Amino acid sequence: MTKNIILCGFMGSGKTVTAKAIAKKLDLEFIDLDQYIEKSEGLTVSEIFARFGEEHFRALETKAATKLGAQNGRVIALGGGTVLRKENILPLKQNGTIFYLEVDAKTVLARLENDTTRPLLRQNKEKAVFELLEKRSPLYKAAADYTIDANGSIDYAAEQGCNLIITLDCGIKAVEKIAYANSKGIDVIVCDHH
């Protein structure tokens, strides 16, 4: 049973690109939470916001996070605002490890310069990015088990995140196997050959 690998972070932090790369390398299913909601509702995130408002979207997000949190072996890219509700994080953490892809406002603005699909950035984009990032950064950090610096090129950030997660995943599997062997009365000796 493989725990879920879950990526959180601000819009434009590279969650989807990184999650796809990890899923491919580990041969796991990739799920983008926003796309998952869009598929189940038959509407885009922008359409859900426009028709029903942000609060309705957040309720859909909670429902999806609860359902996905009960599953195994997936790489999940959360929406940028998923961390706004604690009830979204608890079910995800019980069966997954959360990684925060940390970016600064300058990186976000550069990556999203021509992006018009983000409902919360439709007005003054620069002001919105600074305000939302200031509000959400502590929530991302609180939700995460690990933080990855995702500034710089998105491909480099994805590579760094992927390498860390794969390294940790291998370490977790080794620890789980040792614990299992010990529970069966088998002594395991670990040697470090550097």
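The values are calculated or read from the model by the stated rules, or taken from the named source; none is laboratory data. Small disclaimer: the values here were computed from a predicted structure and weren't measured. Ideal geometry is used to build each Cβ from the backbone, glycine not excepted, and the neighbour counts take in all protein chains shown. Just the protein is used for accessible areas: all its heavy atoms, side chains included, with ligands, DNA and RNA removed. Shrake-Rupley method; radii C 1.70, N 1.55, O 1.52, S 1.80 Å.
Here are the numbers for the structure shown:
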read-out	value
Meets criteria (over 14 Å from the mean Cα position of the chain (by Cα), closer than 17 Å to G161 by Cα and of a type outside the set (A, V, I, L, M, F, W, C)) for K86	no
Residue ranges of helices (runs of 4 or more DSSP H) in region 95-194 with at least 1 members modelled with pLDDT of 90 or more and open to solvent by 60 Å² or more (accessible area, probe 1.4 Å)	105-111, 125-143
Answer residue from region 1-44, given it is surrounded by fewer than 22 Cβ atoms within 10 Å (Cβ to Cβ) and among the aromatic types (F, W, Y) and is nearest to K125 (Cα to Cα) among those	Y36
Some residue of region 54-66 being β-branched (V, I, T), in contact with a Leu (Cβ under 9 Å, 6 or more places away or on another chain) and without any contact (Cβ under 8 Å) to a residue 60 or more places away in the chain	yes
